[in-house]
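Student: Mind looking over this structure? Questions follow.
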Amino acid sequence: MRSFVLKPAFALGFTLIELIVATAILLILTGLAVPLARVAIKREKERNLRGDLWELRDAIDRYKDAADRGAFQIKAGSEGYPPDLETLVKGVDVGGKKMRFLRRIPTDPMTNSSEWGLRSMQDDPSSDSWGGQNVFDVFAKAQGHGVGRHGIPFGLTRFLAV
């Protein structure tokens, strides 16, 4: 014959206090993880933004170098800079061949738009408006500041390459 030992009712399962404490710990850990995830996402977007700005500026510099070497005809008063970003994608004729400087205009990761702030040689360096003569520099149109140790506004042209 088997004998069954009955356990007291208080020994079965978790108490209400244990469940409340476990839930509180999970809420605190989740509350700490969410801001860290947001910062990580923003930093990734900033890294992509710096890369896109570098790519655009490099294309502008390559266009300027080719224009200074006399590889193609430039418009008077452009000082060798491209008239717009689309010219870097479409390319220019060099000896019967197309010379392209960009495959596509990158998308600004902060605004999810391929519209960039532009500056020409004739524009005031602190100006947000583009004179339309040429494209000397590009900057992000996004509002706000960076998360990194520099906290640089997105709209400034001079992102540190750190």
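Quick note: the coordinates plus some simple rules give every number you see, no bench work behind them. Fair warning: this is a prediction, and the values are worked out from it, not measured in the lab. Here Cβ is always computed from backbone atoms with ideal geometry, including for glycine, and neighbour counts include all displayed protein chains.
Student: Among 138, 95, 37, whose Cα sits farthest toward the positive end of the charge dipole of region 17-139 (+1 at Cβ of Lys/Arg, -1 at Cβ of Asp/Glu, about the Cα centre)?
Tutor: Comparing the listed Cα positions along the dipole, 95 ranks first.
Student: Where a Cα-Cα gap under 29 Å defines reach, which lysines qualify for residue 97, not counting those fewer than 8 residues away within the same chain?
Tutor: Within the straight-line limit of under 29 Å, residue 97 reaches these lysines: 64, 75.
Student: For residue 24 paired with residue 76, estimate the spin-label separation in nm (one decimal), with each label point 7 Å from Cα along the Cα-to-Cβ line.
Tutor: Reported label-point gap for residue 24 and residue 76 is 8.1 nm.
Student: Right, another one. For region 24-56 and region 80-108, what is the separation of their Cα centres, given in Å?
Tutor: Cα centroid to Cα centroid, the span is 33 Å.
Student: Given 0.36 nm per residue, what is the gain on full extension from residue 32 to residue 97 after removing their alpha carbon distance, in nm?
Tutor: Length difference between fully extended and current span is 17.8 nm.
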